[in-house]
Amino acid sequence: MPALEENAARILPAVERAIAELRRGAAVIVQRPEGQAALIQASETASADINDTLRHIAQAEPCLLLTARRAAAIGIKEAKPLISTTEVIAFALDGMSSEAVAYLADPVHDPLGINLRHDDFLTTDVPEILARNSVLLAKLSCLLPAVLFVNLPDGSAEGLAKAHNLLTVQADDIAGYRSTAAYSLKRVASAEVPLDTAEKTTVIAFRPKEGGIEHLALVIGDPDPSLPTLVRLHSECFTGDLLGSLRCDCGDQLRGAIKLMNEKGGGILLYLSQEGRGIGLINKLRAYELQDHGADTSDANELVGFNPDERIYIPAAEMLRQLGIDEVRLLTNNPEKVTSLIECGIDVSQTVPHHFPSNGHNEFYLQTKATRFGHTL
């Protein structure tokens, strides 16, 4: 079995199970090959008395891990991240109320009545790689990137896992999950799906063999194999694509791309499962609430604790390769998509502009895309 398939067979099921455990509020052990281990729980799904579960299992006080971006949003702007290369900051929880913990982790939690000196709770007693990948696991779970964390004594992880029926996942597997899932994509289904502006459309579904996130390719018309293919990378947007939200231009871009490709004789639209620039639908709604209070779309993602854009385009490049496409005319205003595809080995021979007039609700959003993300609008 090739190395990629071997890695996928180990990494994808293990991380998928850990994601499911975090989402249901369970604790998980994150471990390194040399024996370092930590017991973690997602802050968002933890019980109201946030310390009890982890303290009972590990017989130690947990700390709270946040991204440096979230820490800056709650007033820690001058201090460098205590784990400098990972941009993770840790807070000791001993003596901190559950309301204060919720305030630290949740950008839309009402801080009324909370009197908290952040610096009093800062701690450095966290192993760097375990901390980084624990927060990454929360991100992969589409939860708030805030994790309750207990560093475990060497050699204790296996016994705790057996005694408390805990899942153990390797930190390196968490780190490699997204790229492994992308390179493991396989065609699993296809069907002709006539669309109102492109009656000759075939939808092809891609999914890793070992499970994971699914992506779609819409092959529209008859792309000429002798010419660079007109391609659009479109990240899913439930509110814009399905509901017709006027807060963004996603619906216009999706339907406009399909219509244009049909008019030009053919093209491929890759529909990528990366809602909210990769932070998930629930976190996108949290970001919308922050935007309603004045934040732009970039700052709002940071206030939630994410990078402004968490998307990757390895899946898109892998899908194109499997469709026999190595040179494209990319329908986009986003230079990051061009750079990312080129880095993944796809030749971008031309960038085709793809913008639409504002609608009375999304002027600030479009302005932010131009000024903060460098889109050519």
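Nothing in this text is a laboratory measurement; each read-out follows from the coordinates by a stated rule. On a predicted model such as this, the values are computed, not experimentally measured, just so you know. For neighbour counting, all protein chains shown are included, and Cβ atoms are generated from backbone atoms with ideal geometry for every residue, glycine included.
Summarising the amide proton neighbourhood of G266: residues at separation of 5 or more, or on other chains, whose placed amide H is nearer than 5 Å comprise D222. Its DSSP H runs of at least 4 residues, each contributing -39,500 (n - 2.57), put the calculated 222 nm mean residue ellipticity of the chain at -11000 deg cm²/dmol, to the nearest 500.
Taking the centroid of alpha carbons for each part, the range 124-158 and the range 310-377 are 33 Å apart. Note on S190 and L167: their simple-model spin labels are 3.3 nm apart, each label 7 Å out from Cα toward Cβ. With neighbour counts taken as other beta-carbon atoms within 10 Å, the residues H109, H375, H234 rank, fewest first, as H109, H375, H234. Measuring spread by the Cα atoms of the chain yields a radius of gyration and Dmax of 22.2, 68 Å. Computed about the Cα centre, the dipole magnitude for the chain is approximately 500 debye when only Lys and Arg (+1) and Asp and Glu (-1) carry charge, each at its Cβ. The Cβ shell under 11 Å around H361 holds other residues with a net charge of -1, Lys and Arg each +1, Asp and Glu each -1.
Fewest neighbouring Cβ atoms within 10 Å first, the residues D224, D196 line up as D196, D224.
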